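Following: one structure in structure tokens, then a few remarks.
The values are calculated or read from the model by the stated rules, or taken from the named source; none is laboratory data. All values derive from a computational prediction rather than experimental measurement. FYI the Cβ positions are ideal-geometry reconstructions off the backbone, even for glycines, and counts take in every protein chain you see.
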Amino acid sequence: MEKYLINPNQKISKIKKEIYGNFSEHLGRCIYEGMYVGENSKIPNVNGMRIDVITALKEMGLPVLRWPGGCFADEYHWMDGIGPKEKRKKMINTHWGGVIEDNSFGTHEFFELCRQIGCEPYICGNVGSGTVQEMSDWVQYITFSGISPMSELRKENGREEPWNIKYFGIGNENWGCGGNMNVEFYADQFNRYNVYVRNYYPDKPIYRIAGGPNRNDYHWTEVLMQKCRHSMNGLSLHCYTGTGNYALEFNEEQYYDTMRDCMLMEEYVTRHSEIMNRYDPQKRIGLIVDEWGTWHKVEAGTNPGFLYQQSSMRDAIVAGLTLNIFNKHSDRVHMANIAQTINVLQSVALTDGEDMLLTPTYFVFKLFKDHQENTLLGSYITSDKIGQDKNVPNLTESASVNANGDIVSTIVNTSASDASEVLCQIADINGIKEIKAEILTGSIHDHNTFEKKDCVKTVDFTDFTKTSDGFKAKIPPCSVVKFIIKQ
């Protein structure tokens, strides 16, 4: 039996709700059809936004949405996406499939999408092919209420009052598709562009996010912390999980390979944080993991530039492992955005015309939403290493406490075949009133289809016994379980 210890006396850091963010790019069917169908579509919508998708994202508790990219951000010119739709410029989406982008979804539509979901907008600006003035004008168009050319243009386009934009990224993957820059050059560009991302209202400061490293590029983090730490609020990190096979066609060995690659996130977050700690011991600057998730081969018969893939319980376990890591590092990880929300990579929902299904990953986010804005507690679970090379933890966990004193615990069993017995003990607890639990589980290949949408979903979990100071539970293989312990 594995020992699981939770210490409510050890309150570590706030788990910011933004850790549970999503990423949406003009890529494949993420925006068009996935979220936005236009006001004249037969698909039920409000102001062009799909009602079924909006409802699902609200119920999932989506706190923040990143847009318009991704690689697309550094070829996106925002003025092409405002004004009457019939007059908007059409462009070729050179990064993703070479399709025509008609710009019918632009700034106004994005803020309307976020309004309907009830989430914070996070805009990524164009450093790769844009100008300082273009970025400056966009910020003014969005945020300024006084008299200026951009605010007057916004009013002409039907929006009298400015929007509130809390998060703004200055470039994306500038080491790659965002300009193939070296870090010293990008650091100078960040400092230059950042000057013109104006805070027009001191009580509504913009949180500026620098384009950070890919996976284990620690030199990139070192240079940006040296040169830009006084002017940035966040530093992005991109890290995808993948082993080069298809989303549904993999064996058990490849399953464990995926888990091993996923667990590198722990190493990357730890080592980038150690560098940041040297320059920012107060942890003012957030590590923003604004692209993460599984990246498999595209589904057969689909446009390879659309990155469409199914989602199985393998992906759900990756999501659970990763979110537990982010919770445990919530002193430094201030936001994260899984890629991508709908129909692309590790999405939380798939659409087919008027139809929609929820993926196993969706249900993991819905389970974990009870951690949002809680305080991380000290916790530890004993666990063997499993997989062919014994390099994957059998169990991972995180625990937090909310304002009412309820303890939220999430446990992931990565084993493809074996259940694990767990004894949880909570230090200095004065009795437990009630424990409720939910589970997402199945075989490693289980997934939802448009013919069978409920193959994988959360259900009540009852295979546990309450004790005087915690619980005993038998955690099934390939599962994510959430416990809520009321004192």
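Out of all the residues in the range 441-457, is one or more hydroxyl-bearing (Ser, Thr, Tyr) and in a loop (DSSP other than H, G, I, E, B)? I'd like the intermediate steps shown before the answer.
Narrowing the range 441-457 to residues hydroxyl-bearing (Ser, Thr, Tyr): 441, 443, 449.
Still in the list and also in a loop (DSSP other than H, G, I, E, B): 443, 449.
Yes, the conditions are met somewhere in the range 441-457.
Name, by its number, the condition in (1) without any contact (Cβ under 8 Å) to a residue 60 or more places away in the chain; (2) farther than 22 Å from residue 58 by Cα; (3) in a loop (DSSP other than H, G, I, E, B) that does not hold for residue 346.
Status for residue 346: all satisfied but (2).
Report yes if some residue within the range 421-428 is among the β-branched types (Val, Ile, Thr), farther than 17 Å from residue 324 by Cβ, modelled with pLDDT of 95 or more and touching a Gly at 6+ places or on another chain (Cβ under 7 Å); otherwise report no. Give the steps one after another, and end with the answer.
Start the filter on the range 421-428 by keeping residues that are among the β-branched types (Val, Ile, Thr), which leaves 422, 426.
With farther than 17 Å from residue 324 by Cβ added as a condition, the list becomes 426.
Add one more test, that the residue is modelled with pLDDT of 95 or more, and what stays is 426.
With the extra rule that they be touching a Gly at 6+ places or on another chain (Cβ under 7 Å), the set shrinks to 426.
Yes: one or more hits.
Considering only the range 267-322, how many residues are among the acidic types (Asp, Glu) and either within 23 Å of residue 170 (Cα to Cα) or free of Cβ contacts under 8 Å to residues at least 24 places away in the same chain (or both)?
Quick first cut of the range 267-322, residues among the acidic types (Asp, Glu) only: 267, 274, 280, 290-291, 299, 315.
Filter once more, keeping what is either within 23 Å of residue 170 (Cα to Cα) or free of Cβ contacts under 8 Å to residues at least 24 places away in the same chain (or both): 274, 280, 290-291.
Matching residues across the range 267-322 total 4.
From 244, 234, grab the single residue that is outside the structural domain of residue 385 (by TED's automatic domain parsing), on the phi > 0 side of the Ramachandran plot and touching a residue at least 12 places away in the same chain (Cβ under 8 Å).
Numbers: 234 fails: on the phi > 0 side of the Ramachandran plot.
Unique residue meeting the criteria: 244.
Does any residue of the range 47-69 turn out to be surrounded by fewer than 23 Cβ atoms within 10 Å (Cβ to Cβ), among the aromatic types (Phe, Trp, Tyr) and touching a residue at least 12 places away in the same chain (Cβ under 8 Å)?
No, the range 47-69 contains no residue that is surrounded by fewer than 23 Cβ atoms within 10 Å (Cβ to Cβ), among the aromatic types (Phe, Trp, Tyr) and touching a residue at least 12 places away in the same chain (Cβ under 8 Å).
What are the residues in the range 455-473 that are of a type in the set (A, V, I, L, M, F, W, C) and either surrounded by 14 or more Cβ atoms within 10 Å (Cβ to Cβ) or in contact with a Leu (Cβ under 7 Å, 6 or more places away or on another chain) (or both), if any?
Residues of the range 455-473 of a type in the set (A, V, I, L, M, F, W, C): 455-456, 459, 461, 464, 471, 473.
Across the range 455-473, the qualifying residues are 455, 456, 461, 464, 471, 473.
Pick from the range 18-46 the residues that are among the small types (Gly, Ala, Ser) and within 20 Å of the chain's Cα centre (by Cα): which of them is surrounded by the fewest Cβ atoms within 10 Å (Cβ to Cβ)? First the steps, then the outcome.
Applying the first criterion (among the small types (Gly, Ala, Ser)) to the range 18-46 yields 21, 24, 28, 34, 38, 41.
This time we only want the ones that are within 20 Å of the chain's Cα centre (by Cα), so: 21, 24, 28, 34.
Values: 21: 25, 24: 27, 28: 26, 34: 23.
That would be 34.
Please find, among 35, 91, the residue that is aliphatic (A, V, I, L, M) and in contact (Cβ under 8 Å) with a residue 40 or more places away in the chain.
On the way: 91 fails: in contact (Cβ under 8 Å) with a residue 40 or more places away in the chain.
Among 35, 91, only 35 is aliphatic (A, V, I, L, M) and in contact (Cβ under 8 Å) with a residue 40 or more places away in the chain.
From the list 366, 436, which residue is more than 19 Å from residue 11 (Cα to Cα) and not in a strand (DSSP E or B)?
Working: 436 fails: not in a strand (DSSP E or B).
Only one candidate qualifies: 366.
Which one of 15, 6 is at pLDDT 95 or above, within 30 Å of residue 469 (Cβ to Cβ) and within 15 Å of the chain's Cα centre (by Cα)?
Values: 6 fails: within 15 Å of the chain's Cα centre (by Cα).
None of the others qualify; the one that does is 15.
Within the range 151-162, how many residues are over 12 Å from residue 83 (Cα atoms) and surrounded by fewer than 18 Cβ atoms within 10 Å (Cβ to Cβ)?
Final tally of qualifying residues: 3.
Got at least one residue in the range 170-180 being of a type in the set (Asp, Glu), buried (at least 22 other Cβ atoms within 10 Å of the Cβ), within 19 Å of the chain's Cα centre (by Cα) and within 20 Å of residue 289 (Cα to Cα)?
Filtering the range 170-180 down to residues of a type in the set (Asp, Glu) leaves 173.
Filter once more, keeping what is buried (at least 22 other Cβ atoms within 10 Å of the Cβ): 173.
With within 19 Å of the chain's Cα centre (by Cα) added as a condition, the list becomes 173.
Going one step further and asking which of them are within 20 Å of residue 289 (Cα to Cα), we end up with 173.
Checked against the condition, which is being of a type in the set (Asp, Glu), buried (at least 22 other Cβ atoms within 10 Å of the Cβ), within 19 Å of the chain's Cα centre (by Cα) and within 20 Å of residue 289 (Cα to Cα), the range 170-180 yields at least one hit.
Hey, does the range 317-337 have a residue that's at positive phi and in a loop (DSSP other than H, G, I, E, B)? Outline the logic, then answer.
Of the residues in the range 317-337, the ones at positive phi are none.
Checking the range 317-337: not a single residue is at positive phi and in a loop (DSSP other than H, G, I, E, B).
Do we have any residue at all in the range 371-392 that's closer than 28 Å to residue 11 by Cα, at pLDDT 95 or above and within 14 Å of the chain's Cα centre (by Cα)?
Yes, the range 371-392 contains at least one residue that is closer than 28 Å to residue 11 by Cα, at pLDDT 95 or above and within 14 Å of the chain's Cα centre (by Cα).
Of the conditions (1) in the same structural domain as residue 470 (by TED's automatic domain parsing); (2) out of contact with any Asp or Glu (no Cβ under 9 Å at 6 or more places or on another chain), residue 323 fails just one. Which one is it?
Going through the list (1) in the same structural domain as residue 470 (by TED's automatic domain parsing); (2) out of contact with any Asp or Glu (no Cβ under 9 Å at 6 or more places or on another chain), residue 323 breaks only (1).
Filter the range 370-392 down to residues that are surrounded by fewer than 19 Cβ atoms within 10 Å (Cβ to Cβ) and in contact with a helix residue (DSSP H, G or I) (Cβ under 9 Å, 6 or more places away or on another chain) and give me whichever is farthest from residue 445 (Cα to Cα).
Out of the qualifying residues, it is 373.
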